[in-house]
Amino acid sequence: MKRHFAFTLVELLVVMAIIGTLVGLLLPAVQAARESARGTTCKNNLRQVALALQLYHDANQTFPSGYIRGTYRATSSSPGMNRRVDAPPPNLVIPPSQPGWGWAALMLPYVEQGGLHSSINFGIPVEDPASAAARTFSLKLLVCPTDIETGIYTVFDDNNAALVQAATNSYVASFGAFGLINTDPDTGSGLFQRNSSHRISDIKDGTGNTLAIGERGCILAQSAWAGVMTGGTIRTTPGAPVYSSVVEKAPAIVLARVGNRTLNSPYSEPYDFFSPHRQVVHFAFADSSVRPLSVSLELKVLHALATRDRGDDVANALE
């Protein structure tokens with residue numbers, strides 16, 4: 001008599017339970033490995049940005065402006081350089097931001113995007129229809145792979161009307177510690193403001209102790225890499241892991257500062273630094289190094305790192 005071998009129902013259930021347990025044990029490890037790889041890509045993005053800032057400085061003897069406003073002319077010898085001819089004084093009423101092109105647009109020739117840079121007319125506003133092709137061009141370099149809500153998004157004005165479409169940026173320039181980004185974007189203690197032109201020699205606190213560019217993921221607020229749009233706003237992303245939804249003015253599209261909140265605080269607003277990596281926020285420093293800062297880092301240390309010439313002693317702040 002021929003015998004047939006087969007699993008019993010109990011045996012099948014045991015095997016399935018074992019497989020399920022193994023998958024449950026392996027899945028967190030796989031997810032951790034993937035996040036580690038995404039974090040490495042994010043840091044590499046910032047390394048390229050940091051190097052581009054140094055190259056810009058070498059060519060133009062200054063770091064790029066946070067964004068430009070007023071009448072500018074580009075020098076023939078340095079296509080990335082824009083010299084100020086007519087700049088507005090600080091004003092409690094937010095004036096037009098035109099042309100508004102930001103630090104990322106100004107550094108394009110130094111991240112192998114000379115063609116995109118050449119296609120931009122820096123004399124016309126970011127929000128102008130003629131700027132649409134550049135404004136909606138997605139730059140992989142400026143997208144953290146862990147970030148969500150990236151891509152092409154709609155910029156709304158103060159009246160909640162759609163203004164323009166733009167491509168997002170996961171990174172933002174450091175305005176400083178505290179400061180009125182919205183109403184006085186010229187005056188900040190960091191490395192980038194409206195029409196700023198800071199040099200390495202201006203960084204009295206040390207380039208290795210001064211923030212340049214950091215993460216502000218679209219998970220918190222979507223913003224455009226191209227620059228500031230007159231009448232535009234930056235808003236808390238629906239579903240962001242914070243307690244409130246806030247609308248900020250146009251200057252905060254490209255600038256962030258360290259205020260009364262620690263990194264990745266659940267009370268964060270659109271002008272704060274914020275990372276999708278949750279436990280750390282990656283920053284490019286003025287010396288072109290890239291370092292992760294813990295979300296548990298004390299505010300006094302963050303304030304010291306955010307300023308360029310306040311005489312802050314980061315070593316003492318860490319004590």
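Tabulated values for the structure
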{"item": "Qualifying residue in the stretch 262-274 (condition: part of a helix (DSSP H, G or I), closer than 21 Å to Val49 by Cβ and not β-branched (Val, Ile, Thr))", "result": "no"}
{"item": "The one condition in (1) surrounded by 17 or more Cβ atoms within 10 Å (Cβ to Cβ); (2) not in a loop (DSSP other than H, G, I, E, B) that Pro145 fails to fulfil", "result": "(2)"}
{"item": "Selection count, the stretch 161-178, where residues are under 18 Å from the mean Cα position of the chain (by Cα) and either in a loop (DSSP other than H, G, I, E, B) or charged (D, E, K, R) (or both)", "result": "3"}
{"item": "Sole exception among (1) buried (at least 23 other Cβ atoms within 10 Å of the Cβ); (2) under 14 Å from the mean Cα position of the chain (by Cα) for Thr150, by number", "result": "(1)"}
{"item": "Unique residue being of a type in the set (A, V, I, L, M, F, W, C), at pLDDT 95 or above, in contact with a Gly (Cβ under 7 Å, 6 or more places away or on another chain) and farther than 28 Å from Asn160 by Cβ when the list is Phe283, Phe274", "result": "Phe283"}
{"item": "Asp309 being touching a Gly at 6+ places or on another chain (Cβ under 9 Å) and not aromatic (Phe, Trp, Tyr)", "result": "no"}
{"item": "Condition check for Ser244: farther than 22 Å from Ile68 by Cα, surrounded by fewer than 24 Cβ atoms within 10 Å (Cβ to Cβ), at pLDDT 95 or above and of a type in the set (Ser, Thr, Tyr)", "result": "no"}
{"item": "Matching residues in the stretch 80-122 - criterion: being under 25 Å from Val155 (Cα atoms), in contact with a strand residue (DSSP E or B) (Cβ under 9 Å, 6 or more places away or on another chain), surrounded by fewer than 16 Cβ atoms within 10 Å (Cβ to Cβ) and at pLDDT below 95", "result": "Pro88, Pro95, Pro96"}
{"item": "Failed criterion for Ser170 (all others in (1) over 18 Å from Trp101 (Cβ atoms); (2) at pLDDT below 95 hold)", "result": "(2)"}
{"item": "Selected residue [surrounded by fewer than 21 Cβ atoms within 10 Å (Cβ to Cβ), over 27 Å from Leu55 (Cβ atoms) and not β-branched (Val, Ile, Thr)] from Asp202, Asp158", "result": "Asp158"}
{"item": "Residues located in the stretch 199-208, provided they are in a helix (DSSP H, G or I) and touching a Leu at 6+ places or on another chain (Cβ under 9 Å)", "result": "Asp202"}
{"item": "Of all residues making up the stretch 227-260, the number that are within 18 Å of Phe283 (Cβ to Cβ), assigned to a loop (DSSP other than H, G, I, E, B) and touching a helix residue (DSSP H, G or I) at 6+ places or on another chain (Cβ under 8 Å)", "result": "1"}
{"item": "Test result for Ser196, in contact with a Ser or Thr (Cβ under 9 Å, 6 or more places away or on another chain), crowded, with 24+ Cβ neighbours inside 10 Å, outside any helix (DSSP H, G or I) and of a type in the set (Ser, Thr, Tyr)", "result": "yes"}
{"item": "Gly176 being touching a strand residue (DSSP E or B) at 6+ places or on another chain (Cβ under 9 Å), at positive phi and at pLDDT 95 or above", "result": "yes"}
{"item": "Qualifying residue in the stretch 209-226 (condition: part of a helix (DSSP H, G or I) and touching an Asp or Glu at 6+ places or on another chain (Cβ under 8 Å))", "result": "yes"}
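The values are calculated or read from the model by the stated rules, or taken from the named source; none is laboratory data. Being a predicted model, the structure only gives us computed values, none of them experimental. In this analysis, Cβ positions are derived from the backbone assuming ideal geometry, glycine residues included, and neighbour counts consider all displayed protein chains.
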